[in-house]
Ligand SMILES: *Cc1c(COP(=O)(O)O)cnc(C)c1O
């Protein structure tokens, strides 16, 4: 088998899917060489998603840290409020190119489900989303959103009834419907070519940030920081900087209730090499070697695997990965809201928390870019509940 990222990646899938994946890869490779596809992608990024998203100098936050300058890449300002729409637009254009009119997707908290249902509505495609039964109960607002956008939401009753089970379920459903259905995966995970394809559609984040910082400061950043669930917003902002070896790249995953507890989602920090969802990568395993349930206050970060490219970037040491716990993330969520009037997603707050620790240790001419992967309106209630039982601040 071919692996795309060192020993990581690959295609661990049934033969029927292997053929569909090869076809998908072919279509993808042709599409990105085709000017009309590129033009269409640019058109929807600009006029529907609202790209480019601003690169904002967070002056108040910088003053507070009294160290490095902090810039924020504002993916929270995209249509539907996060970076996920970049990928769903890209993949739905591929579906259209293949003549497929039916879309299926998995979702955890419902963010990818909403982004997929949004793009499917706009392109007039039939859309079915698979979501764990427990996640459907926890995230009922997103279930209504998907339904309003015309999607069918199907509950998954197997396993822990959460994201990992929804992905397995979606892959199995795809086998049954492979002739007329496009599987729209939500992060840089799954069998090849998904990690490569999703990276391609998300790399616009870092390409824009590089140009925007050059316009404002005429330099490259010293640090680029992003949160890591499956890893798509992080790969998106890192991709264009990977060959710039002076730029420090930092991925931040969820330490949940602490790395010394079982309630975390720190795949790169504590995971081991294993196969999950069609790829070889790092996975959080229990003592008997089974995939472990994971936890974070942030629904978008609690995934037991991670994109295979991140496993490779960790081993090769090009990217450093750290873990931030619930409490630190909530404190950063409140800090950005209070100082800059920007309510970030609780996922993005993990990246911010690390930036807030780092900035005071650096001199004032250093520059940090933090990817604000999404907005926090969806998290306000969870933060409110958290504050009822926990102290504010770190
Ligand atoms: C889904 C989500 C994430 C995590 O997904 P990645 O693939 O790791 O980017 C992070 N931030 C937001 C706002 C999300 O919705």
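The values are calculated or read from the model by the stated rules, or taken from the named source; none is laboratory data. These figures come from a predicted structure and were not determined experimentally. When we count neighbours, we look across all protein chains shown, and the Cβ atoms used for this are built from the backbone with ideal geometry, even at glycine.
Some points to look at:
- Here residue 64 does not qualify as under 21 Å from the mean Cα position of the chain (by Cα) and farther than 30 Å from residue 182 by Cα.
- Out of 349, 298, one residue alone is within 15 Å of the ligand (Cβ to nearest atom), in contact (Cβ under 8 Å) with a residue 24 or more places away in the chain and within 23 Å of residue 132 (Cβ to Cβ). It is 298.
- Taking the conditions (1) more than 15 Å from the ligand (Cβ to nearest atom); (2) assigned to a helix (DSSP H, G or I) in turn, residue 259 satisfies each one other than (2).
- Residue within the range 10-26 that is surrounded by 20 or more Cβ atoms within 10 Å (Cβ to Cβ), within 16 Å of the ligand (Cβ to nearest atom) and either modelled with pLDDT of 95 or more or more than 23 Å from residue 209 (Cβ to Cβ) (or both) present: no
- Scanning the range 350-368 for residues that are farther than 17 Å from residue 321 by Cβ and surrounded by 16 or more Cβ atoms within 10 Å (Cβ to Cβ) yields 356, 359, 362, 366, 367.
- Test: residue in the range 106-113 that is more than 24 Å from residue 293 (Cβ to Cβ) and modelled with pLDDT of 95 or more: no
- Qualifying residue in the range 115-134 (condition: within 30 Å of residue 339 (Cα to Cα) and within 16 Å of the ligand (Cβ to nearest atom)): yes
- Residue check, residue 224 over 17 Å from residue 307 (Cα atoms) and touching a residue at least 24 places away in the same chain (Cβ under 8 Å): yes
- Residues (within 14 Å of the ligand (Cβ to nearest atom) and part of a helix (DSSP H, G or I)) located in the range 165-195: 166, 167, 194, 195
- Matching residues, the range 286-297, being out of contact with any strand residue (DSSP E or B) (no Cβ under 6 Å at 6 or more places or on another chain) and crowded, with 24+ Cβ neighbours inside 10 Å: 297
- Of residues in the range 55-82 being free of Cβ contacts under 8 Å to residues at least 40 places away in the same chain and more than 23 Å from residue 232 (Cα to Cα), the one farthest from the ligand (Cβ to nearest atom): 63
- Considering residues of the range 368-388 that are away from the ligand (no atom under 14 Å from the Cβ) and in a strand (DSSP E or B) only, the residue nearest to the chain's Cα centre (by Cα): 369
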